[in-house]
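Engineer: What follows is a structure written as C-alpha cells; I'll ask about it next.
The values are calculated or read from the model by the stated rules, or taken from the named source; none is laboratory data. Not measured: the values here are computed from a predicted model. Cβ placement follows ideal geometry from the backbone for every residue including glycine, while neighbour counts extend to all protein chains displayed. When the accessible area is computed, the model is the full protein with side chains, heavy atoms only, and any ligands, DNA or RNA have been set aside. Shrake-Rupley method; radii C 1.70, N 1.55, O 1.52, S 1.80 Å.
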Amino acid sequence: MAREATPASAAGDDSETAASADYPRLYAAALLVIFLVVVWRGVGRHQFVYDDLALVVQNEYLVPLTWSNVAHFWDWRTPYANMYTPVTFSVLAIEAHLALKPIDGDEAQLQAGVFHYGNLAVHIACTLVIFMVLCDLAGRTLPAFVGTMLFGLHPVQAEAVNWIIELKGLLAGLFVALTIWCYWRFARSAHAEPNGVGAQPQPAPMRALWYIAATGVALLAMLSKPSGVAVIAIVFVLDFGLLRRSPLATIVPLMPWVAAGVAIALVTQSEQPTSAIRSIVPLWQRPLVAGDAVAFYIRKLLVPWPLCVDYGLRPTVVMARGSALIMWILPALVAAVLAMLPNRRRWLTAYGVFVAGLLPMLGFVPFGFQNVSTVADRYMYLAMLGPAMAVAWLLVGRENTRALAVAALVLIVCGVMSSLQSRYWASQSTLFQHAIDVNPNSVEGHVSLGNLLARNDPDAAIRHYEQALAADPEHPGAHSNLGSLLVAVGRTDDALVHLRAALDANDKNYLAHYYLARALNIEGEYATAANHYAACVESNPGWTSARVDLAWLLATCPDDSVRDATAALEMLDDLPAATMIDPVRQEARAAALVELGQFHQANDIAYKLAAEMQALVRRDGRWTAYFQAFMQRVSLYQDGQAYHGGPLFPLVPTTRAPQ
C-alpha cells in the first residue's frame, strides 16, 4: 500500500527542479508587508474603543514608564483589572510612553494612533513568522505566500488588529508562531524517515537550544494572553500529525509547557472565578456548545459576513435555541470528509490546528466573555493558521494560472472586506451601532452606546441600558451603569435597586461597588459606603478613582466613627505618582492634614493647587464648579477649620469605565 505524500514531498521528487522554480522568499515577505499595510492602513486614525478606555486610557500604571509601574503588572497577586497578562501590559506601557503627547499646547494625552500602529506592527510580525512556518511545511514559497495572505487579510482578523487591548491576542499569536518555528527545528531533526518531513539529525546541543527557545516563547505566549496555552495543543497536532512520532515522544517535551499553562490558568481562575460567569451550562451540554462554536467559526471562515463585536451567543442562549443539538454535526462532517480525501493526514492536521487554536475558548472550561458570547472573531486569530496551512498545501504542485487566479480573487475579496470591516472600529459609536445593526439584542452595543450618551443625552442612555437589560436581565454592566446614571440625575432610590442587582449577579463587580458607594455616600450612609469603596479597591486595586473617593470620605466624613485621616493619608501615599484626577487627590491630602492639625502643610498644598486649578479651569471649563467650591474650602483651611461635608465627585468631570 502506497504511503501518503507528506507536505515536503507533495510538490514532487525532483527537489532540484522545484528549488529552481521557487520564488525568492525575501521578495514574497516584502509583498506581504505591502499588502498588509495597504489593507490595514486606516487603523492609525481610529480612536480608543470598548474597554481600551478602562484598560489603557484610565490605567494609571502605564504612565509614567517606571520599573515599579511595570513590576505591578508582573505581580501575580494583584493582576491589573483581574487580567494576568504581564507581557501585554509591559508592551502597552512602552507604547504609552511613546503615545503621550501634548495637543495644541495642552497637557499631554495618550494618542490612540500609536497603539493602533503598534497592533498593526505586531500583526505584520506574526504574519511574517507564519510565512516562515508555511515555507517549512509546504516546501514552496508561492503556496506559502498565498496561505499567509489568507491568514493576514481574512476579515475575521479585523477585531484583533483594530482593538488596542487585543494586543494580547496578537502578541500571543506572534509568540505561538515563533514557538512552532523553533519547535519544528527541534522535533524534525530527530525524525529522518525516507518518506517523512524530517531533516538530518542535529547535534544534541543544537536541538537543546531549539527546544529552550521554543519553551521560552511559548511561555511568553501564555503570559501575553492565557489562551496562549493553545500552543500546546497546536504543537502536539503538528508533531503527531506530520512527524508521526509516537504519542509519548510527542507529549514528553510538552510537559513543562503544560505545567506553566496550569500555573497561569490557576492565577487566571483565582481572579476570574466561575462564580462571576453567569452563563454556565451543565457539563454534558458543554461539548454541544463547543460543537456549535466550531460550526460558527467554520461558517465565518467561509462566509465572513456580517461580523460584529457581540454575537450574543451565550451558552444558555445557544442551548435554549436548540441549535447546539444539531450544529455539532457540521464540524464532525468536515472531519469525516477530510478523512476520505487523498493525503488525509495533511488535511486532518490542518483541521486539527484550526480546532486546537480555538480550544481554550470553546467553553469546555467557562470563561468571562461567555457572559456576552462564547464566540468572537478575535478567538479565530490563532486558529487561522490551520486554513492557511490547508491553502498552502492545496496549491503545492498546482501553481498554474487558473489556481492562482482563483486564489488572487479570494484574497482581493478578503482584503476589501477587511478594509470595510476595519472602518466600523473607527470609534465607539460606529462600532456599537454596527453591533446593534447586526445583532439588535447586542447587550454590549446598548450598554456602550448608553455610556456614550450618558453625559449629553441621559434619557437616550437610560433607554439603551433598559434595552440591554431586556436582552439580559442580569447583566451587571447594564445595572451598574444605569445605576450610576440614575445617581447623576438624582434618582438615587432607583439607582440603589440596579446597583444592588449588579452585585447580586457578581459580587466582584468593582464598578457596581464603586457606584453603590457613591449613591450611599449621597444618602448619608457613610459606613456602608466606605465598605463598598473598600470592596471596589480589593476587586480592582489599580483603579485610582475608588481610592481617591475613599480617601476623601475618610478625611472629611461628617460621621466621627468613619472619619480616619491617618488611613486616608496612607491610601493616598499608595497611589501612582500622577493620576487623571490629581486635583482631587491633592485636596484630599490637604483635608486629611487639616483634620490632623497640620495646617501649615495643608495650606501649602492648597495654595499650589489653587494656581494649578486656575490653569485647569482655563483648559477645561467643566472644572469651574469644582474650583468655586474648592476656594470655599480653602477659606476654611486658612481659618484652621476642617471640612466635614459631602462628596466631591458630583463636581468632578470623570469618564466612567465601561463594563
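Engineer: Mind listing just one residue for me: the one in segment 339-362 that is without any contact (Cβ under 8 Å) to a residue 60 or more places away in the chain and in a helix (DSSP H, G or I) and, of those, nearest to the chain's Cα centre (by Cα)?
Structural biologist: Phe354
Engineer: Of the residues in segment 405-429, how many are under 13 Å from Leu150 (Cα atoms), in contact (Cβ under 8 Å) with a residue 24 or more places away in the chain and surrounded by fewer than 22 Cβ atoms within 10 Å (Cβ to Cβ)?
Structural biologist: Count: 5.
Engineer: Sticking with this structure for a sec: Going through segment 452-478 one residue at a time, which ones are under 24 Å from Leu520 (Cβ atoms), at pLDDT below 95 and surrounded by 24 or more Cβ atoms within 10 Å (Cβ to Cβ)?
Structural biologist: Hits for segment 452-478 are His475, Pro476, Gly477, Ala478.
Engineer: A further question follows. Could you look through segment 578-612, keep only residues that are at pLDDT 85 or above and polar (S, T, N, Q), and pick out the one that is farthest from Asp639 (Cα to Cα)?
Structural biologist: Gln586
Engineer: Under 19 Å from Leu53 (Cβ atoms) and surrounded by 17 or more Cβ atoms within 10 Å (Cβ to Cβ): which single residue out of Val114, Val122 fits that description?
Structural biologist: Just a single option satisfies the conditions, and that option is Val114.
Engineer: Can you tell me how many residues in segment 563-577 are among the hydrophobic types (A, V, I, L, M, F, W, C) and either in contact with a Phe, Trp or Tyr (Cβ under 8 Å, 6 or more places away or on another chain) or modelled with pLDDT of 90 or more (or both)?
Structural biologist: The total comes to 4.
Engineer: If you check Tyr637 against the conditions, is it more than 24 Å from Asn59 (Cα to Cα), open to solvent by less than 10 Å² (accessible area, probe 1.4 Å), in contact (Cβ under 8 Å) with a residue 40 or more places away in the chain and of a type in the set (Ser, Thr, Tyr)?
Structural biologist: Taking the combined requirement at face value, the residue satisfies it.
Engineer: Same structure, new question: Met327 fails exactly one of the following numbered conditions: (1) open to solvent by less than 30 Å² (accessible area, probe 1.4 Å); (2) without any contact (Cβ under 8 Å) to a residue 60 or more places away in the chain. What is the number of that condition?
Structural biologist: Here Met327 clears every test but (1).
Engineer: In segment 516-544, how many are open to solvent by less than 40 Å² (accessible area, probe 1.4 Å), more than 22 Å from the chain's Cα centre (by Cα) and small (Gly, Ala, Ser)?
Structural biologist: Residues flagged as open to solvent by less than 40 Å² (accessible area, probe 1.4 Å), more than 22 Å from the chain's Cα centre (by Cα) and small (Gly, Ala, Ser) within segment 516-544 amount to 6.
Engineer: Filter segment 577-633 down to residues that are touching a Pro at 6+ places or on another chain (Cβ under 9 Å), under 30 Å from Ser68 (Cα atoms) and assigned to a helix (DSSP H, G or I) and give me whichever is most open to solvent (accessible area, probe 1.4 Å).
Structural biologist: Selected residue: Glu612.
Engineer: Test Val365 against the stated conditions and say whether it is outside any helix (DSSP H, G or I), hydrophobic (A, V, I, L, M, F, W, C) and modelled with pLDDT of 95 or more.
Structural biologist: So Val365 fails the test.
Engineer: Looking at this structure, is Ala332 closer than 30 Å to Leu420 by Cα, of a type outside the set (D, E, K, R) and open to solvent by 40 Å² or more (accessible area, probe 1.4 Å)?
Structural biologist: no
Engineer: While we're looking at this one, here's another question. Residue check: is Gly118 at pLDDT 95 or above, within 21 Å of Leu302 (Cβ to Cβ) and part of a helix (DSSP H, G or I)?
Structural biologist: no
Engineer: Restricting the search to segment 488-515, which residues are more than 27 Å from the chain's Cα centre (by Cα) and surrounded by fewer than 24 Cβ atoms within 10 Å (Cβ to Cβ)?
Structural biologist: The answer is Ala488, Val489, Gly490, Arg491, Thr492, Asp493, Asp494, Leu496, Val497, Arg500.
Engineer: Scan segment 163-185 and give yes if some residue there is more than 30 Å from Ile34 (Cα to Cα), touching a helix residue (DSSP H, G or I) at 6+ places or on another chain (Cβ under 7 Å), basic (Lys, Arg) and at pLDDT below 95, otherwise no.
Structural biologist: No.
Engineer: Let me ask you something else. Would you check if Asn343 is out of contact with any Phe, Trp or Tyr (no Cβ under 7 Å at 6 or more places or on another chain), over 30 Å from Gln285 (Cα atoms) and open to solvent by 20 Å² or more (accessible area, probe 1.4 Å)?
Structural biologist: Judged against the criteria, Asn343 is a match.
Engineer: Can I ask one more? Out of all the residues in segment 303-321, which are without any contact (Cβ under 8 Å) to a residue 60 or more places away in the chain and among the charged types (D, E, K, R)?
Structural biologist: Of everything in segment 303-321, just one residue is without any contact (Cβ under 8 Å) to a residue 60 or more places away in the chain and among the charged types (D, E, K, R), namely Arg321.
Engineer: Evaluate segment 262-272: report whether one residue or more is part of a helix (DSSP H, G or I), within 30 Å of Gln428 (Cβ to Cβ) and at pLDDT below 95.
Structural biologist: yes
Engineer: Same structure, new question: Listed residues Tyr514, Tyr465; which is farther than 21 Å from Thr544 by Cβ and of a type in the set (Phe, Trp, Tyr)?
Structural biologist: Tyr465
Engineer: Restricting attention to segment 634-648, and to residues there that are aliphatic (A, V, I, L, M) and either at pLDDT below 85 or in a helix (DSSP H, G or I) (or both), which single residue is nearest to Arg547 (Cα to Cα)?
Structural biologist: Among them, the one singled out is Leu648.
Rundown of residues vs (1) more than 24 Å from Val43 (Cβ to Cβ); (2) assigned to a helix (DSSP H, G or I); (3) open to solvent by 10 Å² or more (accessible area, probe 1.4 Å); (4) basic (Lys, Arg), yes/no style:
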{"site": "Phe73", "(1), (2), (3), (4)": "yes, yes, no, no"}
{"site": "Ala81", "(1), (2), (3), (4)": "no, yes, yes, no"}
{"site": "Thr88", "(1), (2), (3), (4)": "no, yes, no, no"}
{"site": "Leu98", "(1), (2), (3), (4)": "no, yes, yes, no"}
{"site": "Leu128", "(1), (2), (3), (4)": "no, yes, yes, no"}
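Engineer: Return the pairs, sorted by first residue and then second, in which the second residue is at pLDDT 90 or above and surrounded by fewer than 23 Cβ atoms within 10 Å (Cβ to Cβ), the first residue lies in segment 49-65 and is assigned to a loop (DSSP other than H, G, I, E, B), the beta carbons are less than 6 Å apart, and the residues are 6+ apart or on different chains.
Structural biologist: Listed pairs, sorted by first residue: Val49/Gln428; Tyr61/Asn69; Tyr61/His72; Leu62/Ala93; Val63/Leu100; Leu65/Ala93; Leu65/His97.
Engineer: Also, quick follow-up: Just give me the residues in segment 59-71 being aromatic (Phe, Trp, Tyr) and surrounded by fewer than 20 Cβ atoms within 10 Å (Cβ to Cβ), in sequence order.
Structural biologist: Trp67, the sole residue that qualifies.
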